[in-house]
Amino acid sequence: MELKKNRYTIDGIPVVGLAEKHGSPLYIYESARMISQYQRITGAFSSTRVKIYYACTALTTSMY
């Protein structure tokens, strides 16, 4: 997420526009960031045999 001209964007897309279109609260996952983090983890463990698992479950359900 970046702040440009007092507006937050994700991958160049204004966050306000996403919230207006999809409602709020809105949980947004940035795929480029997830891929980058995955590559960092696999690189850190490249000398060993390891399986990486990931779950997006925290705070993804409605609180109402």
Worksheet item: Can you list the lysines whose alpha carbon sits under 23 Å from that of Lys21, skipping same-chain ones fewer than 8 residues off?
Response: Lys4, Lys5
Worksheet item: Given (i) 17, 35, 30, 15, 3; (ii) 24, 53, 18, 5, 0; (iii) 22, 52, 25, 1 as candidate values of P(r) over Cα pairs in 10 Å bins from 0, in percent, which corresponds to the one derived from the coordinates?
Response: (i)
Item to complete: Report, in debye and to the nearest 20, how large the dipole of the chain comes out about its Cα centre when Lys and Arg carry +1 and Asp and Glu carry -1 on their Cβ.
Response: 180
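Any read-out appearing in this document is the output of simple, stated calculations on the displayed coordinates, not a laboratory observation. What you see is a predicted model; the values in this text were computed from it and never measured. Positions of Cβ are generated from backbone atoms using ideal geometry, with glycine treated the same way; all protein chains shown enter the neighbour counts.
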